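Asks: Mind looking over this structure? Questions follow.
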Amino acid sequence: QVQLQESGPGLVNASQTLSLTCTVSGDSITTSNRAWVWIRQPPGKGLEWMGVIVYDGSTYYSPSLKSRTSISRDTSKNQFSLQLRSVTPEDTAVYYCASALTSWSGVYEYWGQGTQVTVSS
């Protein structure tokens with residue numbers, strides 16, 4: 001049974017850095033052929049893919065967020081993290097971590113419960 005859980009501050013000041021961590025249990029983030037992603041959903045809007053760290057450590061980001069986004073991992077803790085710099089109120093959203101196979105069947109097999117992050121002006 002694979003479980004993912006997001007953690008981090010629920011309130012961030014504008015211009016500061018949003019930092020979240022996803023803790024994974026039941027599987028290793030270095031398991032072959034699996035990728036670990038961050039997705040967000042602003043209020044009243046659809047899901048937005050932010051970026052991914054692949055099992056081998058490779059990272060890829062949404063073009064619209066690349067300049068201020070970093071994804072990293074700590075394999076000793078089986079965690080991966082998101083940093084979003086220079087946030088504005090438009091970054092207010094529910095943030096999810098999730099996982100999919102690198103072969104990409106079109107679905108994310110595992111999801112965290114999501115965590116609300118509000119950016120104050």
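Asks: Starting from segment 76-88, take each residue that is open to solvent by 10 Å² or more (accessible area, probe 1.4 Å) and list its partners that are aliphatic (A, V, I, L, M) and not in a strand (DSSP E or B), counting only C-beta distances under 9 angstrom and pairs at least six apart or across chains.
Replies: ASN78/ILE29; GLN79/ILE29; SER86/ALA14; THR88/ALA14
Asks: Right, another one. Show the residue pairs meeting these rules: Cβ distance below 6 Å; 6+ apart or different chains; first residue within segment 8-27 and more than 14 Å from ARG68 (Cα to Cα); second residue at pLDDT below 95.
Replies: Here the result reads GLY26/GLN1, each pair linking segment 8-27 to a residue that is at pLDDT below 95.
Asks: So for segment 8-27 (the condition being farther than 16 Å from THR118 by Cα, part of a strand (DSSP E or B) and touching a Cys at 6+ places or on another chain (Cβ under 7 Å)), does at least one residue qualify?
Replies: The answer is yes, given that some residue of segment 8-27 is farther than 16 Å from THR118 by Cα, part of a strand (DSSP E or B) and touching a Cys at 6+ places or on another chain (Cβ under 7 Å).
Asks: Might you let me know whether segment 48-65 holds any residue that is among the charged types (D, E, K, R), assigned to a strand (DSSP E or B) and either open to solvent by 80 Å² or more (accessible area, probe 1.4 Å) or out of contact with any Cys (no Cβ under 6 Å at 6 or more places or on another chain) (or both)?
Replies: yes
The values are calculated or read from the model by the stated rules, or taken from the named source; none is laboratory data. Everything numeric here is computed off the predicted structure, so don't read it as measured data. Here the Cβ is made from the backbone with ideal geometry for all residues, glycine too, and neighbour counts use every protein chain on show. Only protein heavy atoms, including side chains, enter the accessible area calculation; ligands, DNA and RNA are left aside. Shrake-Rupley method; radii C 1.70, N 1.55, O 1.52, S 1.80 Å.
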